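The values are calculated or read from the model by the stated rules, or taken from the named source; none is laboratory data. Predicted, not measured: the structure shown is a model, and the values here were computed from it. Counting neighbours? That spans all protein chains shown, and the Cβs are built from the backbone with ideal geometry, glycine included. Note: accessible area is taken over every heavy atom of the protein model, side chains too, but ligands, DNA and RNA are not part of it. Shrake-Rupley method; radii C 1.70, N 1.55, O 1.52, S 1.80 Å.
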Amino acid sequence: MAELAELERLQTQILRRIEQLELSIFPPSKDSAKEDLRTTTEARLSAVLVDAGVKDFSFKRVPSDYYDWSFEARRDILGAASIHHLCKSIVLVNTQAASNITDCSDPQNSKYYVVVVQYTARFSAENVKNFLYSLNNGKIPKKRFNLRLAPEDISHKLTGFEHNGVTCVGMKTDIPVILDEAIVKLNPDFFWLGGGEIDLKLGIRTSEFINFAKPFIVNCSGS
(Lines give C-alpha, C1' and ligand atoms only; values in the text may rest on other atoms or scores of the structure.)
Protein backbone atom coordinates (compact mmCIF):
# COMPACT_ATOMS: atom_id res chain seq x y z
CA MET A 1 0.00 0.00 0.00
CA ALA A 2 2.83 2.38 0.93
CA GLU A 3 4.61 1.66 -2.37
CA LEU A 4 1.41 2.34 -4.33
CA ALA A 5 0.84 5.61 -2.50
CA GLU A 6 4.42 6.67 -3.21
CA LEU A 7 4.07 5.87 -6.92
CA GLU A 8 0.83 7.83 -7.16
CA ARG A 9 2.38 10.78 -5.34
CA LEU A 10 5.33 10.82 -7.76
CA GLN A 11 2.94 10.57 -10.70
CA THR A 12 0.95 13.51 -9.36
CA GLN A 13 4.14 15.57 -9.05
CA ILE A 14 5.11 14.76 -12.65
CA LEU A 15 1.65 15.65 -13.96
CA ARG A 16 1.70 18.91 -11.99
CA ARG A 17 5.06 19.86 -13.47
CA ILE A 18 3.84 19.04 -16.99
CA GLU A 19 0.76 21.20 -16.38
CA GLN A 20 2.91 24.10 -15.18
CA LEU A 21 5.16 23.72 -18.25
CA GLU A 22 2.12 23.76 -20.56
CA LEU A 23 0.79 26.85 -18.85
CA SER A 24 4.10 28.63 -19.37
CA ILE A 25 4.00 27.80 -23.09
CA PHE A 26 0.25 28.17 -23.67
CA PRO A 27 -1.15 30.80 -21.28
CA PRO A 28 -4.85 30.33 -20.42
CA SER A 29 -7.38 32.35 -22.40
CA LYS A 30 -9.19 35.32 -20.89
CA ASP A 31 -12.43 33.38 -20.60
CA SER A 32 -10.79 30.90 -18.21
CA ALA A 33 -10.32 33.40 -15.37
CA LYS A 34 -11.64 31.04 -12.73
CA GLU A 35 -9.28 28.24 -13.72
CA ASP A 36 -6.44 30.74 -13.91
CA LEU A 37 -7.16 31.84 -10.35
CA ARG A 38 -7.12 28.24 -9.17
CA THR A 39 -3.85 27.55 -10.94
CA THR A 40 -2.42 30.73 -9.43
CA THR A 41 -3.16 29.49 -5.91
CA GLU A 42 -1.28 26.26 -6.48
CA ALA A 43 1.59 28.06 -8.20
CA ARG A 44 1.83 30.67 -5.43
CA LEU A 45 1.89 28.13 -2.62
CA SER A 46 4.32 25.93 -4.57
CA ALA A 47 6.64 28.91 -4.92
CA VAL A 48 6.44 29.59 -1.18
CA LEU A 49 7.40 26.00 -0.41
CA VAL A 50 10.18 25.82 -3.01
CA ASP A 51 11.65 29.12 -1.82
CA ALA A 52 11.74 27.68 1.69
CA GLY A 53 13.65 24.63 0.48
CA VAL A 54 10.74 22.17 0.62
CA LYS A 55 11.12 19.48 -2.02
CA ASP A 56 8.77 16.63 -1.20
CA PHE A 57 5.24 17.94 -1.64
CA SER A 58 2.35 17.53 -4.03
CA PHE A 59 -0.97 19.27 -4.78
CA LYS A 60 -4.05 17.40 -5.92
CA ARG A 61 -7.51 18.54 -7.01
CA VAL A 62 -10.53 16.74 -5.58
CA PRO A 63 -14.22 16.74 -6.62
CA SER A 64 -16.52 19.43 -5.24
CA ASP A 65 -18.40 16.87 -3.13
CA TYR A 66 -15.17 15.57 -1.56
CA TYR A 67 -16.35 16.37 1.97
CA ASP A 68 -19.43 14.22 1.48
CA TRP A 69 -17.19 11.21 0.93
CA SER A 70 -16.06 8.69 3.51
CA PHE A 71 -12.53 8.92 4.88
CA GLU A 72 -11.68 5.78 2.93
CA ALA A 73 -12.80 7.34 -0.35
CA ARG A 74 -10.82 10.51 0.40
CA ARG A 75 -7.78 8.39 1.19
CA ASP A 76 -8.07 6.57 -2.12
CA ILE A 77 -8.44 9.63 -4.33
CA LEU A 78 -5.42 11.30 -2.70
CA GLY A 79 -3.35 8.14 -2.61
CA ALA A 80 -2.83 8.65 1.12
CA ALA A 81 -1.28 5.81 3.08
CA SER A 82 -4.24 5.61 5.50
CA ILE A 83 -7.25 7.59 6.68
CA HIS A 84 -5.09 8.77 9.57
CA HIS A 85 -2.88 10.62 7.07
CA LEU A 86 -5.80 12.95 6.26
CA CYS A 87 -5.39 16.14 8.28
CA LYS A 88 -6.87 19.61 8.60
CA SER A 89 -5.74 23.05 9.77
CA ILE A 90 -8.02 24.92 12.15
CA VAL A 91 -7.63 28.46 13.46
CA LEU A 92 -8.13 28.86 17.20
CA VAL A 93 -8.65 32.04 19.19
CA ASN A 94 -7.71 32.47 22.84
CA THR A 95 -10.91 34.04 24.11
CA GLN A 96 -9.46 34.70 27.56
CA ALA A 97 -6.20 36.34 26.50
CA ALA A 98 -5.32 39.57 28.32
CA SER A 99 -6.64 42.73 26.66
CA ASN A 100 -3.17 43.65 25.42
CA ILE A 101 -2.84 40.33 23.54
CA THR A 102 -4.51 41.09 20.22
CA ASP A 103 -2.24 39.56 17.58
CA CYS A 104 0.30 36.81 16.87
CA SER A 105 3.50 38.70 17.68
CA ASP A 106 4.32 36.46 20.64
CA PRO A 107 4.16 32.78 19.61
CA GLN A 108 4.21 31.69 23.24
CA ASN A 109 1.19 33.81 24.12
CA SER A 110 -0.64 34.50 20.88
CA LYS A 111 -4.23 35.55 20.38
CA TYR A 112 -4.50 33.00 17.55
CA TYR A 113 -3.01 29.61 16.70
CA VAL A 114 -3.32 27.25 13.74
CA VAL A 115 -3.60 23.63 14.82
CA VAL A 116 -2.96 20.76 12.40
CA VAL A 117 -4.78 17.63 13.51
CA GLN A 118 -5.99 14.38 11.95
CA TYR A 119 -9.58 14.10 10.80
CA THR A 120 -9.77 10.81 12.69
CA ALA A 121 -8.63 12.37 15.97
CA ARG A 122 -10.68 14.17 18.58
CA PHE A 123 -9.13 17.57 19.17
CA SER A 124 -8.48 18.45 22.81
CA ALA A 125 -8.47 22.19 23.56
CA GLU A 126 -7.61 21.29 27.15
CA ASN A 127 -4.33 19.68 26.06
CA VAL A 128 -3.39 22.82 24.14
CA LYS A 129 -4.33 24.98 27.12
CA ASN A 130 -2.08 22.93 29.39
CA PHE A 131 0.75 23.10 26.87
CA LEU A 132 0.58 26.90 26.60
CA TYR A 133 0.44 27.23 30.36
CA SER A 134 3.60 25.12 30.67
CA LEU A 135 5.24 26.94 27.75
CA ASN A 136 4.95 30.17 29.73
CA ASN A 137 6.37 28.50 32.84
CA GLY A 138 3.19 29.12 34.77
CA LYS A 139 3.73 32.88 34.66
CA ILE A 140 0.35 33.37 33.01
CA PRO A 141 -2.70 32.05 34.91
CA LYS A 142 -4.42 29.07 33.35
CA LYS A 143 -7.65 31.02 33.22
CA ARG A 144 -5.99 33.22 30.58
CA PHE A 145 -5.99 30.31 28.13
CA ASN A 146 -9.27 29.27 26.56
CA LEU A 147 -8.88 28.01 23.01
CA ARG A 148 -11.93 28.00 20.80
CA LEU A 149 -12.53 27.66 17.08
CA ALA A 150 -12.20 31.11 15.51
CA PRO A 151 -15.24 32.42 13.58
CA GLU A 152 -14.96 31.75 9.84
CA ASP A 153 -14.68 35.43 8.96
CA ILE A 154 -11.77 35.86 11.38
CA SER A 155 -10.09 32.71 10.08
CA HIS A 156 -10.44 33.96 6.50
CA LYS A 157 -9.13 37.43 7.39
CA LEU A 158 -6.05 35.99 9.11
CA THR A 159 -5.20 33.24 6.63
CA GLY A 160 -6.73 34.39 3.35
CA PHE A 161 -8.27 30.94 2.95
CA GLU A 162 -11.86 29.71 3.10
CA HIS A 163 -13.26 26.98 5.35
CA ASN A 164 -11.89 23.55 4.30
CA GLY A 165 -9.17 25.30 2.31
CA VAL A 166 -7.09 26.58 5.25
CA THR A 167 -3.42 25.66 5.12
CA CYS A 168 -0.27 26.75 6.95
CA VAL A 169 1.42 27.76 3.70
CA GLY A 170 1.19 31.32 2.40
CA MET A 171 -1.08 32.66 5.14
CA LYS A 172 -1.74 36.41 5.25
CA THR A 173 -0.72 36.45 8.92
CA ASP A 174 2.24 34.69 10.50
CA ILE A 175 0.16 32.63 12.92
CA PRO A 176 1.98 30.22 15.26
CA VAL A 177 1.41 26.60 14.24
CA ILE A 178 0.71 23.66 16.52
CA LEU A 179 1.17 20.19 15.05
CA ASP A 180 -0.43 17.21 16.75
CA GLU A 181 2.33 14.80 17.71
CA ALA A 182 0.22 11.90 16.42
CA ILE A 183 0.92 13.18 12.89
CA VAL A 184 4.66 13.10 13.55
CA LYS A 185 4.37 9.42 14.44
CA LEU A 186 2.63 8.45 11.19
CA ASN A 187 4.30 5.90 8.93
CA PRO A 188 4.98 6.69 6.16
CA ASP A 189 5.77 10.27 7.13
CA PHE A 190 3.80 12.01 4.38
CA PHE A 191 0.42 13.53 5.23
CA TRP A 192 -2.32 15.54 3.51
CA LEU A 193 -3.95 18.83 4.53
CA GLY A 194 -5.77 21.76 2.97
CA GLY A 195 -4.13 23.35 -0.04
CA GLY A 196 -5.51 26.90 -0.06
CA GLU A 197 -8.81 26.13 -1.78
CA ILE A 198 -11.72 23.88 -0.88
CA ASP A 199 -10.96 21.41 -3.69
CA LEU A 200 -7.17 21.62 -3.52
CA LYS A 201 -5.18 19.39 -1.16
CA LEU A 202 -1.52 19.48 -0.22
CA GLY A 203 0.55 16.41 0.57
CA ILE A 204 3.88 17.00 2.26
CA ARG A 205 6.72 15.11 3.93
CA THR A 206 6.33 15.55 7.70
CA SER A 207 9.95 16.43 8.37
CA GLU A 208 9.87 19.10 5.65
CA PHE A 209 6.62 20.52 7.01
CA ILE A 210 8.24 20.81 10.43
CA ASN A 211 11.28 22.58 8.98
CA PHE A 212 8.99 24.93 7.06
CA ALA A 213 6.28 25.76 9.62
CA LYS A 214 8.44 25.35 12.75
CA PRO A 215 5.41 24.26 14.74
CA PHE A 216 5.01 23.48 18.39
CA ILE A 217 4.58 19.70 18.48
CA VAL A 218 1.89 18.91 21.00
CA ASN A 219 -0.28 16.00 22.06
CA CYS A 220 -3.49 17.83 21.21
CA SER A 221 -5.89 15.00 20.46
CA GLY A 222 -7.82 13.08 23.08
CA SER A 223 -8.84 9.47 23.07
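Listing for the model above:
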| item | result |
| --- | --- |
| Cross-link table Lys55/Lys185; Lys60/Lys172; Lys55/Lys129; Lys111/Lys139; Lys88/Lys129, entries beyond 25 Å C-alpha to C-alpha | Lys55/Lys129 |
| Estimated distance in nm for a label pair at Leu135 and Trp69, the labels positioned 7 Å out from Cα along Cα-to-Cβ | 3.3 nm |
| The range 30-148, relative contact order in percent, only Cα pairs under 8 angstrom and at least six apart counted | 21 percent |
| Accessible surface, 1.4 Å probe, highest first, among residues Trp192, Trp69 | Trp69, Trp192 |
| Relative contact order computed over the range 103-223 (Cα-Cα under 8 Å; 6+ residues apart), in percent | 31 percent |
| Extension reserve of the Arg148-Asn187 stretch, reckoned as 0.36 nm per residue once the Cα distance is removed | 11.1 nm |
